[in-house]
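J.: If you scroll down you'll find the structure; I have some questions about it.
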Amino acid sequence: LTKDGSKLGFTYGLVGESSFAPNYSLTYGLQVTYRGGILNNDSLPINKRSSYVLKYVELPIGIKMKTNEFNRYRYFGQFGLVPGLNLSAKASNDAESNIDVKDYITDINMSMMIAVGTEYTISGSTTFLASLEFNNGFVDVFTKSKDSDREFKAISNYVALNLGIMF
């Protein structure tokens with residue numbers, strides 16, 4: 001397999017945080033993530049250049065470190081782990097589209113998340129949140145092929161722009 005491009009993905013869900021010290025919080029969430037990419041291959045049932053879309057339910061957990069508030073702004077750094085469960089896996093190529101390839105994708109994914117961002121206080125405890133996140137996968141997303149002894153290897157990484165409201 002060789003990489004041949006990225007795909008625009010999307011995530012939605014709920015996040016929360018619990019402060020355990022001034023400017024330090026435990027973060028957690030429940031989210032559905034659509035991620036994918038374009039790979040060139042000659043060994044899977046769909047040959048040549050294929051576009052993949054993988055859907056995961058994820059439970060991110062991490063630590064957030066914030067600055068003190070300056071003119072309604074706080075800045076933060078965040079890191080943690082993001083375990084995920086694969087819900088579906090589809091692929092498309094020039095000949096076919098929406099091919100179910102879930103049998104070739106591992107059920108469990110694990111990644112590390114690092115983010116930097118800002119919070120803007122709207123009113124009281126309500127803040128607008130914006131961050132830039134790097135998500136680095138640890139797990140090979142492909143399982144061993146049922147049709148051959150050959151193994152495929154690909155790691156899912158992405159950069160995300162996160163926007164949200166915290167109450």
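The values are calculated or read from the model by the stated rules, or taken from the named source; none is laboratory data. A quick note: this is a predicted structure, and the numbers were derived from the prediction, not measured. Methodologically, a virtual Cβ is constructed for each residue, glycine included, from the backbone with ideal geometry; neighbour enumeration extends over all protein chains shown. Accessible surface areas use protein heavy atoms only, side chains included; no ligands, DNA or RNA. Shrake-Rupley method; radii C 1.70, N 1.55, O 1.52, S 1.80 Å.
J.: With a 1.4 Å probe and every protein chain kept in, tell me what percent of the accessible surface of the chain is carbon plus sulfur.
T.: That fraction is 59 percent.
J.: Okay, next question. How much net charge surrounds Glu119 when only other residues with a Cβ under 13 Å from its Cβ are counted (Lys, Arg +1; Asp, Glu -1)?
T.: Around Glu119, the charge tally is +2.
J.: With a 1.4 Å probe and all protein chains left in place, how much accessible area per residue does the range 13-132 have, in Å²?
T.: Per residue, the range 13-132 has 53 Å² of solvent-accessible surface.
J.: Send over the semi-axes of the range 36-133's equivalent ellipsoid, whole angstrom and largest first, taken as the square roots of 5 times the C-alpha gyration tensor eigenvalues.
T.: Taking √(5λ) for each eigenvalue gives 39, 14, 11 Å, largest first.
J.: With +1 on the Cβ of every Lys and Arg and -1 on the Cβ of every Asp and Glu, and nothing else charged, how large is the dipole of the chain about its Cα centre, in debye rounded to the nearest 20?
T.: Computed charge dipole of the chain: roughly 280 debye.
J.: How big is the charge dipole of the range 77-167 about its Cα centre, in debye rounded to the nearest 20, if each Lys and Arg gets +1 on its Cβ and each Asp and Glu gets -1 on its Cβ?
T.: 160
J.: Something else now. Along the charge dipole of the chain, Cβ charges K/R +1 and D/E -1, which of Pro60, Tyr24, Asn98 sits furthest on the positive end?
T.: Going by the charge dipole, the pick is Tyr24.
J.: Shifting gears a bit: Net charge around Pro60, counting only other residues with Cβ within less than 12 Å of its Cβ (Lys, Arg = +1; Asp, Glu = -1)?
T.: -2
J.: Which label marks the calculated value of Rg and Dmax of the Cα atoms in Å, given the options (1) 16.7, 55; (2) 18.6, 61; (3) 16.1, 52?
T.: Label (2) holds the value from this structure.
J.: Hand me the trypsin sites (Lys or Arg not before Pro) from the range 1-87 located in a DSSP loop with no more than 16 other Cβ atoms within 10 Å, in residue order please.
T.: Qualifying residues, ordered by number: Lys7, Arg72.
J.: Next up: Please state the relative contact order of the chain as a whole percent: Cα pairs under 8 Å, 6+ residues apart?
T.: The value is 16 percent.
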